[in-house]
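Beneath this line is the structure, given in structure tokens, with notes to follow.
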């Protein structure tokens, strides 16, 4: 049966652990100049409905480093952009490649594509979640601080796709997640309820940060929300991560942001560029974790 990666919940914790362990092997090898050709002659189709820097680079470079090829497809390059049904595109594209990565506006589009695809489909960000980023975030935290199990994580900002994936991650990796959002920007109640006692919605950024081992945020206006920017700047004014908020966290707390970041808005330059920030390691981790993910899906597991 073809497996897809549309959500962190598509894999068991044990499967995630194999992927993360393989990512560490690949990271170490990459630093030493190794380029294992595990995906030689394999082809990844990359469909982008939204702009990208880190996602495109990490998938395209990752396939090249593993001996494969990646093909970039934007809406203006394909019949999808001219109204071809998603189901028909999925039937055609999946007969010609070994995996498909999609960055879409609507999560339903990725689900429909996967339902008609012969090959694995990877969610590279939708309006619902961003599971590839969470693989990188968990990997980065554990590189620096060991297992995330039982730790306290603070999500401060919009209860949007990244927040949803952190809720999923709390389920899979068994950590406590505190979420602080302005009223009207809370995460999907059904996603919160499914996580049970691991997830708590708190009243303020200060309450979320208190004693936390990891503080995470994202831009206040995501792609497609730019017209709401001025209103969001006002609504989120009390949810900026600054040095005072970091001081409420555990002494060895880390700061993460999936980038791009807007210094002075959701995070101050002092925090983003400070000693507790691991955002550059986090960005590089996309490369290694996604290479391991591609191996897992295309080869049926990670190499031994």
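Among the numbered criteria (1) touching a helix residue (DSSP H, G or I) at 6+ places or on another chain (Cβ under 9 Å); (2) at pLDDT below 95, which one does residue 268 miss?
(2)
Of all residues in region 58-70 being in a helix (DSSP H, G or I) and in contact (Cβ under 8 Å) with a residue 40 or more places away in the chain, which is farthest from the chain's Cα centre (by Cα)? Give the derivation first.
Initially, region 58-70 is screened for residues in a helix (DSSP H, G or I), giving 58-65.
From what's left, in contact (Cβ under 8 Å) with a residue 40 or more places away in the chain: 58-59, 61-63, 65.
Numbers: 58: 12, 59: 13, 61: 17, 62: 16, 63: 18, 65: 21 Å.
Among them, the one singled out is 65.
Give just the number: which of (1) touching a strand residue (DSSP E or B) at 6+ places or on another chain (Cβ under 6 Å); (2) surrounded by fewer than 14 Cβ atoms within 10 Å (Cβ to Cβ) does residue 21 not satisfy?
(1)
Results for (1) surrounded by 18 or more Cβ atoms within 10 Å (Cβ to Cβ); (2) under 25 Å from residue 30 (Cα atoms); (3) modelled with pLDDT of 95 or more, shown as yes or no for each residue.
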residue: 61; (1), (2), (3): no, yes, yes
residue: 96; (1), (2), (3): no, no, yes
residue: 128; (1), (2), (3): yes, no, yes
residue: 145; (1), (2), (3): no, yes, yes
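Sort out for me the strands (runs of 3 or more DSSP E) sitting completely within region 155-241 that have 3 or more residues that are buried (at least 23 other Cβ atoms within 10 Å of the Cβ) and touching a residue at least 60 places away in the same chain (Cβ under 8 Å).
Working: elements: 176-180, 199-201, 214-217.
The qualifying strands (runs of 3 or more DSSP E) are 214-217.
If we scan region 71-80, do we find a residue that is within 16 Å of the chain's Cα centre (by Cα) and buried (at least 20 other Cβ atoms within 10 Å of the Cβ)?
Within region 71-80, the subset within 16 Å of the chain's Cα centre (by Cα) is none.
No, region 71-80 has no match at all.
Name the residues in region 242-253 that are touching a residue at least 40 places away in the same chain (Cβ under 8 Å) and either more than 11 Å from residue 209 (Cα to Cα) or loosely packed, with under 12 Cβ neighbours inside 10 Å (or both), would you?
Residue satisfying the conditions is 252 alone.
The values are calculated or read from the model by the stated rules, or taken from the named source; none is laboratory data. Values in this document were obtained by computation on a predicted structure and should not be read as measured data. Glycine also receives a Cβ, built like all others from the backbone with ideal geometry; neighbour counts cover every protein chain displayed.
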